[in-house]
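The values are calculated or read from the model by the stated rules, or taken from the named source; none is laboratory data. Predicted model, so just to flag it, every value in this text is computed and none were measured. Here the Cβ positions follow ideal geometry from the backbone for every residue, glycine too, while neighbour counts run over all protein chains shown.
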Amino acid sequence: MTEHTTVNGGRLLVDCLVAQGADRIFTVPGESFLAVLDALHDTPEIETVVCRQEGGAAFMACADGAMTGKPGVCFVTRGPGATNASIGVHVAMQDSQAMLLFIGDVDRGMKDREGFQEVDFGAMFGPLAKLVLRIDDAARIPEYVARAWNVVLAGRPGPVVIALPEDMLLEQVTGAQPRPAVARPAQAVCPDAMGVLIEMIEAAASPIAIVGGAGWHAKARQHFTSFAERIGLPVAGAFRRQDAISNASPVWAGNLGYGPNPKLVERIKGADLVIAVGARLGEATTDSYTLVTPEHPGQLLVHVHPDPNELGRVYRADLAICADMAEFAEAADLWDDDLISFDAGQEAHLEWLDWTTAKPAPYPLDMAACVTEMRDMLPGDSIICNGAGNFSGWWHRYWHYDGFPTQLAPTAGAMGYGVPAAVAAALRHPERTVVALAGDGDFLMNGQELATAVQYGCDLLVVLVDNSAYGTIRMHQEREFPERVSGTTLHNPDFAALAVAYGGWATRVETTDQFKTALAEAQSRKGLRLLHLIIDVEQLSAGGATISGLRARKA
């Protein structure tokens, strides 16, 4: 764009996104941002992915941001479009994912009149997002886009929402120029703080690290793994951060969250030094703030996080370090003092290996055995994407996450995330195996995005676990109100036939032996493939919970 070029706001906005490095957007089109869609028609630098529901589009943007470390971009229209997309904003915030949501809005002259589909987006998204903006002057689009890009990336990554009045996007602007690309602000670690941390490690008898979360990426992974292996420090992953370091590392101790290894739980309870790096130490990771308590008596806590607002917000830290994850990990890795070496890392890893070794179960379709078959047959850098539900627990326990990124899973616990996330992953990494995991209830939240997968030629495997129930809620229901089944039973379609209708290949699986054969067949094919797994609702969770067992406990 030359200095005196005249363009409309839609064209200028798209040019600003190109300048910031955006190469893909996810959208459900709306008449409120037609000027943007028109500009995208002539913008080969950005691929426009047309989705089937705004919640799916927003989840794709979340997952794309998690993979790239730069904002995943989503465009939706006002009112219904924005409310549908709000689930993605919530996930991006709780998961510390880089995401930018643009909403086509009512004309400026209609504001505050409750015009067609009008919503007060500041009030609606204020509690969900890092920042909510509205651009009322097209000449200021470069300023707002650069500001939003910076806020998304700075400190704890998260979502920013920008409302775009329809008439503003049609406004003609002369001479406005996109701002240069914004980089994540550098946050070097304080050398004095590193020195104190090293002294704390040297004085500890049983330290442990909990890693993964805000700002964690490949460089942080590489350096922290090297540091932990050098001193034998056991490393546990925060909830659904299991790819934070390679699970093949000799110091990997396993994952926290729902149904963790009891030996890992005891190891954390017995630690005299807990080093949390990137993790918020949220409810799921800490078992409702009981595994590591906010005051943690008898334990020292080092909390390393890129956002000063997170440090000290819930947990009292004996040492708080505000730094970029990669800068911190590199400083630890390059620390040249001779450090004490612990045996605990290797011991914890052996405990994890035993925990992830499947034991035979008395079911026609043994889920633990199925995950073991997948480990044997799929590449180690496969990207595993799941939504929420007990079905995910079998992969959390038995899958080995070796590459990065290899786990896309919402720490916010949102259903319907897996299929859209897998579409985003297949588009971002077409060279890798991508697997969407879903329960039957979970799948029908966003299963329509299989149409998006087929439209864009995604190479995608879907493993759908069908027990004809909202299984997680049924488990809680049987624990609290045994034998009083209410609101949790599902009547499902023929999911295999549904996948074929979308243009994919699918088969029904009812036994463990059938699963192995079906997986081999699926791997020999390209495009959309779906395995419809039929399991008995009695097989409730990877932790061994059964309906009969829960009922007997209350008897």
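Of the strands (runs of 3 or more DSSP E) entirely within segment 252-353, those holding at least 2 residues that are buried (at least 20 other Cβ atoms within 10 Å of the Cβ) occupy 252-255, 273-277, 300-305. On the given criteria, is P234 within 30 Å of D354 (Cβ to Cβ), touching a helix residue (DSSP H, G or I) at 6+ places or on another chain (Cβ under 8 Å) and of a type outside the set (S, T, Y)? So P234 fits the description; yes.
Can you spot a residue in segment 94-109 that is closer than 21 Å to D136 by Cα, without any contact (Cβ under 8 Å) to a residue 40 or more places away in the chain and in contact with a Leu (Cβ under 8 Å, 6 or more places away or on another chain)? No, because not a single residue in segment 94-109 is closer than 21 Å to D136 by Cα, without any contact (Cβ under 8 Å) to a residue 40 or more places away in the chain and in contact with a Leu (Cβ under 8 Å, 6 or more places away or on another chain).
Remark: F116 falls outside the filter, which requires a residue to be within 24 Å of A19 (Cα to Cα), in the same structural domain as Q20 (by TED's automatic domain parsing) and of a type outside the set (D, E, K, R).
Against the list (1) in contact (Cβ under 8 Å) with a residue 60 or more places away in the chain; (2) touching a strand residue (DSSP E or B) at 6+ places or on another chain (Cβ under 6 Å); (3) farther than 24 Å from D442 by Cβ, the condition V89 fails is (3). Filtered by the rule that a residue be in a helix (DSSP H, G or I) and surrounded by fewer than 19 Cβ atoms within 10 Å (Cβ to Cβ), segment 166-200 gives D167, L170, P191, D192, A193, M194, G195, V196, I198, E199, M200.
Considering E31, E45, E3, the condition of being at pLDDT 95 or above and among the charged types (D, E, K, R) is satisfied by E45 alone. Does at least one position in segment 47-58 carry a residue that is in a helix (DSSP H, G or I), touching a Lys or Arg at 6+ places or on another chain (Cβ under 9 Å) and of a type in the set (A, V, I, L, M)? No; the residues of segment 47-58 include none that is in a helix (DSSP H, G or I), touching a Lys or Arg at 6+ places or on another chain (Cβ under 9 Å) and of a type in the set (A, V, I, L, M). Among the candidates Q242, Q222, the residue that is within 25 Å of L153 (Cα to Cα), polar (S, T, N, Q), part of a helix (DSSP H, G or I) and touching a residue at least 40 places away in the same chain (Cβ under 8 Å) is uniquely Q222.
Selection of first residues in segment 421-444 that are closer than 20 Å to G88 by Cα and of second residues that are among the aromatic types (F, W, Y) and outside any helix (DSSP H, G or I), restricted to Cβ pairs under 7 Å at least 6 apart or on distinct chains, gives the following pairs, ordered by first then second residue: L427/Y456; L437/F391; G439/F391; G441/Y470. Within segment 424-477, being of a type in the set (G, A, S) and outside any helix (DSSP H, G or I) holds for A436, A438, G439, G457, S468, A469. Would you check which residues across segment 377-393 are at pLDDT below 95 and assigned to a helix (DSSP H, G or I) and list them? S392, G393, listed by residue number.
If you go through segment 517-536 and pick out every residue that is surrounded by fewer than 18 Cβ atoms within 10 Å (Cβ to Cβ) and touching a residue at least 24 places away in the same chain (Cβ under 8 Å), you end up with 5. Within segment 9-32, being farther than 21 Å from A98 by Cβ and in a helix (DSSP H, G or I) holds for G9, G10, R11, L12, E31, S32. Comparison of M124, M67 shows that the only residue that is touching a residue at least 24 places away in the same chain (Cβ under 8 Å), under 22 Å from G282 (Cβ atoms) and either surrounded by 23 or more Cβ atoms within 10 Å (Cβ to Cβ) or in the same structural domain as P157 (by TED's automatic domain parsing) (or both) is M67.
No other residue among P207, P180, P234, P165 is under 30 Å from F116 (Cα atoms) and modelled with pLDDT of 95 or more apart from P165. If you go through segment 396-426 and keep only what is at pLDDT 95 or above and of a type in the set (V, I, T), you end up with T406, V419, V423.
For (1) on the phi < 0 side of the Ramachandran plot; (2) aliphatic (A, V, I, L, M); (3) under 27 Å from the mean Cα position of the chain (by Cα), each residue gets a yes or a no:
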position	(1), (2), (3)
V7	yes, yes, no
D15	yes, no, no
A19	yes, yes, yes
E31	yes, no, no
L40	yes, yes, no
R52	yes, no, yes
A57	yes, yes, yes
C62	yes, no, yes
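The condition of being part of a helix (DSSP H, G or I) and acidic (D, E) does not hold for D112.
Output the qualifying pairs, or none if there are none: Cβ atoms under 9 angstrom, residues six or more apart or on different chains, first residue in segment 25-49 and free of Cβ contacts under 8 Å to residues at least 60 places away in the same chain, second residue assigned to a loop (DSSP other than H, G, I, E, B) and of a type in the set (S, T, N, Q). Short answer, once both residue conditions are applied: V28/Q53. Residue count for segment 476-489 satisfying the condition of being without any contact (Cβ under 8 Å) to a residue 60 or more places away in the chain and surrounded by fewer than 16 Cβ atoms within 10 Å (Cβ to Cβ): 8. Out of curiosity, is D105 touching a Lys or Arg at 6+ places or on another chain (Cβ under 8 Å), buried (at least 22 other Cβ atoms within 10 Å of the Cβ), within 24 Å of L444 (Cα to Cα) and outside the structural domain of R428 (by TED's automatic domain parsing)? No, not satisfied.
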